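The values are calculated or read from the model by the stated rules, or taken from the named source; none is laboratory data. This structure is a prediction, so every number in the text was calculated from the model and none was measured. With ideal geometry, Cβ positions are generated from the backbone for all residues, glycine too; neighbour counts draw on all protein chains shown. To get the accessible areas, we keep the full protein, side chains included, count just its heavy atoms, and leave off ligands, DNA and RNA. Shrake-Rupley method; radii C 1.70, N 1.55, O 1.52, S 1.80 Å.
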Amino acid sequence: MASPFLTATWRHLVLLNWRVNEDLLVPHLPSGVELDRWDGDCWASLVGFQFLHMSVKGVPAFGYRDFPEINLRFYVKRQVNGETRRGVVFIREITPHLMVGWVARALYNEPYITMPMRQSVDESRALYQLQIDGQWQGLGVRTAGAWRDQDEAELFITEHYWGYNTQRNGDAMEYQVEHPTWRARSIELDCLDLDIEKLYGAQWAKALGAKPDSMVFAEGSGVTVRSGVRI
């Protein structure tokens, strides 16, 4: 098993999910993995969350320990000696900190960019925003009901414990993400005004143009991200 690279706490995860055509995803597939499906369809998610208490190789990352992140991801799987490893591939990850993005690109070739960001989270709502051309925009939800166990459809979105990406030389990298199963709450969409086309391109603007097909609000927990391995 690879050694831990990063530990942190991910909290109050907003996951807005759409059924998407596989033709949109195939060009982004790393070698050795295949698309994962739920209810016969491929899915992509816009995710906003709090990134807290980060340490790298056991050293607290002072100055980079409490910030929001927004990412766009889709779902894949890989067969290894009879084991199905269910994972995610990121189209783009957005952070407010240059150093966080630089480390992720340098060591993992993760598709990070840096933008001004802010967050507003309490017991009744969660809002994650970034700034484009001087305008704040983002995604937000209002919560309802108590924390509960996730249903099967929600677990498909949250229970992916591997990350995959393509390296600069075309090889694929695999890394493991460890966390307990999260609780969830019911939510209503409060805000979704991201400029999808500017952030991700015209194809994604079309694919994510309608109301999300599902939404998940996950409690989060401590996480461990293990060092990446070429596959």
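Between Asn21, Asn109, Asn81, the GNM of the chain built on Cα springs shorter than 10 angstrom shows Asn81 fluctuating the most.
Structure remark: mean-square fluctuation, Gaussian network model of the chain, C-alpha springs under 10 Å; the largest value among Val177, Val76, Val56 belongs to Val56. Orientation-averaged projection of the stretch 116-231 equals 9.4 nm² [convex hull of Cα atoms, one quarter of hull surface area]. Taking every DSSP helix (H) stretch of at least 4 residues in the chain, weighting each as -39,500 (n - 2.57) and dividing the sum by the residue count yields a mean residue ellipticity at 222 nm of -3500 deg cm²/dmol. The phi-based Karplus calculation (6.51 cos²θ - 1.76 cosθ + 1.60; θ = phi - 60°) puts the 3J(HN,Hα) values of the stretch 120-133 at 9, 9, 8, 5, 10, 7, 9, 9, 10, 10, 10, 10, 10, 6 Hz, whole numbers, x for Gly and Pro. Net charge dipole, the stretch 133-186: roughly 300 debye, given to the nearest 20, about the Cα centre with Cβ charges of +1 for Lys and Arg and -1 for Asp and Glu.
Select from Phe49, Phe156, Phe90 the residue whose mean-square fluctuation is largest in a Gaussian network model of the chain (Cα-Cα springs shorter than 10 Å). Among Phe49, Phe156, Phe90, the largest GNM mean-square fluctuation belongs to Phe156. Pairs of Cα atoms nearer than 8 Å and 6+ residues apart set the relative contact order; for the stretch 2-161 it is 18 percent.
According to the calculation over all Cα-Cα pairs in the stretch 4-93, the P(r) per 5 Å bin from zero is 3, 12, 18, 18, 17, 15, 11, 4, 1 %. Among the listed options (i) 14.3; (ii) 13.2; (iii) 12.4, the one matching mean projected area of the Cα convex hull in nm² as calculated from these coordinates is (iii).
Just so you know, the Cα atoms of the stretch 169-214 work out to an Rg and Dmax of 16.3, 43 Å. What you get for the chain, charging only the Cβ of Lys and Arg (+1) and of Asp and Glu (-1), is a dipole of about 600 debye around the Cα centre.
Per residue, the chain exposes 46 Å² of solvent-accessible protein surface, assessed with a 1.4 angstrom probe and all protein chains in place. Computed 3J(HN,Hα) for the stretch 27-32, one whole-Hz value per residue from the Karplus formula 6.51 cos²θ - 1.76 cosθ + 1.60 where θ = phi - 60°, is x, 9, 6, x, 5, x, glycine and proline marked x.
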